[in-house]
Amino acid sequence: MVVGDVTTGTDVLIIGAGPAGYVAAIRAGQLDLDVTLVEKEAYGGACLNHGCIPSKALITATDVAHKARHAEEMGIHADPAIDLSGMVGWKDDVVSQLTGGVEKLCKANGVNLLEGTATFVDDHTVRVSHSGDGQGSETLEFEHAIVATGSRPISIPDFSFDDPPILNSRQALALESVPDSMAIVGGGYIGMELATVFAKLGTDVTVVEMLESILPGYDDDLKRPVKKRASDLGVDFHFGYTASEWYEPDGGVRLVAQPADDAAADGGTEGAEAVESERLELDVEKILVAVGREPVSDTLDLEAVGVETDERGFIETDSRARTNVDHVFAAGDVAGEPMLAHKGSMEGQVAAEVIAGEPAAIDSQAIPAVVFTDPEIATVGMTETEAEEAGFEPVVGQFPFRASGRALTTGDSDGFVTIVADESEGYVLGASIVGPEASELIAELGLAIELGATLEDVASTVHAHPTLSESVMEAAENALGHAIHTLNR
């Protein structure tokens, strides 16, 4: 037992061992800095333990089962049984392997690891209250700090995650039996990914969304194939509703939702779904609340160090990940939108390099975003509209997967690749993909933006045949006006 406070010192204190924090720690260790990484739960953060990795594991597993059931056209007839507890066990094994890997990498790079909860005492001191088998606390003095505490699911009034029928995304990913029915409050990327998972498991899924369509912020032509595929899976949608209450009549669970006036008032845009106007009641087994995530910044006593946050609780940073306090940095979800693990890792690496005196800065022009629905959506850079607003004269090329031999041989040919470029110089400005392996294909286009590549560069790069990646080349050719396997725009 630790009696009283023990005071130690470190060059770099990092709070939070998610994708931003552990990357910052490893990079700082590589740069010969004395690093202490504080984590209150498991290494890898929400992404590795409760978000990105476990959700993708279940997405993959349920997709395998779904494809097996629907492979009659290929001459395959099967009806695999679902053992959700076994599926979750496999998912947990994957997570455990990766979590252990993060811990080993940190130790191999000389990072001091502490389990506990950190709060600031003053501008160069934190107190770490130990968790796990340890007791008591210790005080750490630091030269520089990186706050990488991540985010958590947003709750809504009267829907407590402590009530068994009410789930957040973390709890939904840990279920060991398939619910017969589920209402998902929120049609953003988390809601739609989990709607896909549970629909493929056989759950009757209903999505209740406050706005007029799913996936706010994405173009209608990207959302349309996702909405259609989800509907084909049996997912029902109710747009223009906010969840207001729930109760348990006769042992069941009833969700009550009211019309959202703002959604109704915003109707009329292209691709908008019909917004309903009557009170909605749904009888379901589980209610999943997926209305977004919020930064974890309210537990740190940031006022003790003088770090400022915005009205939503995000820590404001500059292009070098520095806060308003020169020696305190922030990275990852807690540092603001977009809340993406890979964006957080980049910020964490930049913060470590800046502390070490390196000329590093955050380059946000080519950060991809992916939605792991069926089909997947992936975007990077500017849309056509954003390019116009930035003063470019954009040219757009597109190639449909239905014209791809490889896509047809997979049995999945919905969607397309779109490239946006500057017409005068040919530089690639952005891209969007909806379709098979969009998450993998987008990297080539992110690299094109990062390197300042042109449409000619992409089109003249020989792509292996038959592959899905040829669709990227074909989209560039289409923008140049000499597409081979589709009509030119």
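The values are calculated or read from the model by the stated rules, or taken from the named source; none is laboratory data. A quick note: this is a predicted structure, and the numbers were derived from the prediction, not measured. Here Cβ is always computed from backbone atoms with ideal geometry, including for glycine, and neighbour counts include all displayed protein chains.
Quick one: SER177 ticks every box in (1) among the hydroxyl-bearing types (Ser, Thr, Tyr); (2) under 24 Å from ALA61 (Cα atoms); (3) within 19 Å of the chain's Cα centre (by Cα) except a single one, so which number is it? Unmet for SER177, out of (1) among the hydroxyl-bearing types (Ser, Thr, Tyr); (2) under 24 Å from ALA61 (Cα atoms); (3) within 19 Å of the chain's Cα centre (by Cα): (3). For region 453-467, the criterion of a residue being more than 21 Å from the chain's Cα centre (by Cα), in contact (Cβ under 8 Å) with a residue 40 or more places away in the chain and closer than 14 Å to GLY397 by Cβ is satisfied by at least one position.
Scanning region 211-229 for residues that are of a type outside the set (D, E, K, R), touching a residue at least 60 places away in the same chain (Cβ under 8 Å), in contact with a helix residue (DSSP H, G or I) (Cβ under 7 Å, 6 or more places away or on another chain) and not in a helix (DSSP H, G or I) yields SER213, LEU215.
Tallying residues that are closer than 18 Å to THR206 by Cα and under 21 Å from the mean Cα position of the chain (by Cα) within region 157-170 yields 3.
Okay, residues lined up against (1) within 22 Å of SER151 (Cβ to Cβ); (2) of a type in the set (A, V, I, L, M); (3) crowded, with 22+ Cβ neighbours inside 10 Å; (4) more than 22 Å from the chain's Cα centre (by Cα):
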| site | (1), (2), (3), (4) |
| --- | --- |
| LEU13 | yes, yes, yes, yes |
| ALA28 | no, yes, yes, yes |
| ILE53 | yes, yes, no, no |
| ILE82 | no, yes, no, yes |
| GLY101 | no, no, no, no |
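Suppose the filter is hydrophobic (A, V, I, L, M, F, W, C) and surrounded by 22 or more Cβ atoms within 10 Å (Cβ to Cβ); does ILE377 pass it? The answer is yes for ILE377. When GLY268 is tested against (1) within 30 Å of ILE419 (Cα to Cα); (2) modelled with pLDDT of 90 or more, only condition (2) is not met.
When the residues of region 463-489 are filtered to those that are touching a strand residue (DSSP E or B) at 6+ places or on another chain (Cβ under 8 Å) and hydroxyl-bearing (Ser, Thr, Tyr), the one that is modelled with the lowest pLDDT is THR486. Only a single criterion out of (1) among the polar types (S, T, N, Q); (2) buried (at least 16 other Cβ atoms within 10 Å of the Cβ); (3) farther than 15 Å from GLY292 by Cβ; (4) in contact (Cβ under 8 Å) with a residue 40 or more places away in the chain is not satisfied by SER177, namely (2).
Out of all the residues in region 157-169, is one or more of a type in the set (Gly, Ala, Ser) and in contact with a Ser or Thr (Cβ under 9 Å, 6 or more places away or on another chain)? If you could, list the steps in order and put the result at the bottom.
Step one: list which residues in region 157-169 are of a type in the set (Gly, Ala, Ser), which gives 160, 169.
Still in the list and also in contact with a Ser or Thr (Cβ under 9 Å, 6 or more places away or on another chain): 169.
Yes, because at least one residue in region 157-169 is of a type in the set (Gly, Ala, Ser) and in contact with a Ser or Thr (Cβ under 9 Å, 6 or more places away or on another chain).
Scanning region 30-51 for residues that are touching a helix residue (DSSP H, G or I) at 6+ places or on another chain (Cβ under 7 Å), among the aliphatic types (A, V, I, L, M) and crowded, with 22+ Cβ neighbours inside 10 Å gives VAL35, LEU37, LEU48. Just the residues that are farther than 12 Å from ILE287 by Cα, assigned to a loop (DSSP other than H, G, I, E, B) and touching a strand residue (DSSP E or B) at 6+ places or on another chain (Cβ under 9 Å), please, taken from region 175-202. Residues satisfying the conditions are LEU175, GLY187, GLY188.
Only residues that are surrounded by 15 or more Cβ atoms within 10 Å (Cβ to Cβ) and either among the charged types (D, E, K, R) or touching a helix residue (DSSP H, G or I) at 6+ places or on another chain (Cβ under 7 Å) (or both) were counted across region 130-174, and they come to 14. Considering region 349-367, the residues that are without any contact (Cβ under 8 Å) to a residue 40 or more places away in the chain and of a type in the set (Gly, Ala, Ser) include one that is surrounded by the fewest Cβ atoms within 10 Å (Cβ to Cβ), namely GLY357. From the list GLU389, GLU456, the lone residue that is of a type outside the set (Gly, Ala, Ser) and either at pLDDT below 95 or within 30 Å of ILE190 (Cβ to Cβ) (or both) is GLU389. When each of VAL289, VAL305 is tested for being under 20 Å from the mean Cα position of the chain (by Cα) and either modelled with pLDDT under 95 or over 19 Å from GLY45 (Cα atoms) (or both), the lone residue that passes is VAL289.
Each row is one residue, and each column tells you yes or no for (1) at pLDDT 95 or above; (2) over 19 Å from LEU175 (Cα atoms); (3) among the β-branched types (Val, Ile, Thr).
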position	(1), (2), (3)
ASP5	no, yes, no
LEU13	yes, yes, no
TYR22	yes, yes, no
ASP32	yes, yes, no
VAL38	yes, yes, yes
ALA42	no, yes, no
ALA46	no, no, no
LYS56	yes, no, no
ALA118	yes, yes, no
